[in-house]
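See below for the structure under consideration.
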Amino acid sequence: MAIDASGVKKVAKLARLSIDDDAVEATAATISSILELVDRMQAVDTQGVEPLAHPLDAIQRLRPDEVTEENQREQLQSCAPAVEEGLFLVPRVIE
């Protein structure tokens with residue numbers, strides 16, 4: 001699939017992009033080469049190939065889920081203007 005200068009100008013207008021007239025031909029050539037690469041990639045037979053979540057067989061190292069700070073709810077809420085059942089009360093914004 002190829003794109004010409006008029007196609008580049010049309011897409012640029014729709015996307016509200018400013019492209020100089022000198023760069024339109026080069027942009028059309030670049031986009032055409034990208035679309036050609038996509039066409040070649042779509043022509044590859046991928047039957048029986050399982051999709052990968054990640055190209056490496058790496059696992060994420062996780063730290064132990066341990067409590068590292070004590071509960072300070074009462075101390076933090078002591079200066080709040082309004083609190084109810086451990087929750088901060090804020091003015092209603094949406095009616």
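The values are calculated or read from the model by the stated rules, or taken from the named source; none is laboratory data. What you see is a predicted model; the values in this text were computed from it and never measured. Cβ atoms come from the backbone with ideal geometry, glycine included; neighbour counts cover every protein chain shown. Heads up: the accessible areas ignore ligands, DNA and RNA and are worked out on the full protein's heavy atoms, side chains in. Shrake-Rupley method; radii C 1.70, N 1.55, O 1.52, S 1.80 Å.
Tabulated results
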{"read-out": "Kirkwood Rh in Å, taken over segment 37-89 so that all alpha-carbon pairs contribute", "value": "17.6 Å"}
{"read-out": "Percent carbon-and-sulfur accessible area, the chain, ignoring ligands, DNA and RNA, probe 1.4 Å", "value": "55 percent"}
{"read-out": "For the chain, built as a Gaussian network whose Cα springs stay under 10 Å, the top-fluctuating residue of Leu35, Leu76, Leu17", "value": "Leu76"}
{"read-out": "Simple label model, 7 Å out from Cα along Cβ direction - Asp20 to Arg61, nm", "value": "5.0 nm"}
{"read-out": "Among 44-51, 8-15, 86-93, the order from most to least packed when residues are scored by Cβ within 10 Å on average", "value": "8-15, 86-93, 44-51"}
{"read-out": "Amide H contacts of Val83 (H built 1.01 Å from N, under 5 Å, at least 5 apart or other chain)", "value": "Leu89"}
{"read-out": "Per residue accessible area in Å² of the chain, where ligands, DNA and RNA are left out and the probe is 1.4 Å", "value": "102 Å²"}
{"read-out": "Net length gained if the chain between His54 and Gln72 were fully extended (0.36 nm per residue, minus Cα distance)", "value": "2.5 nm"}
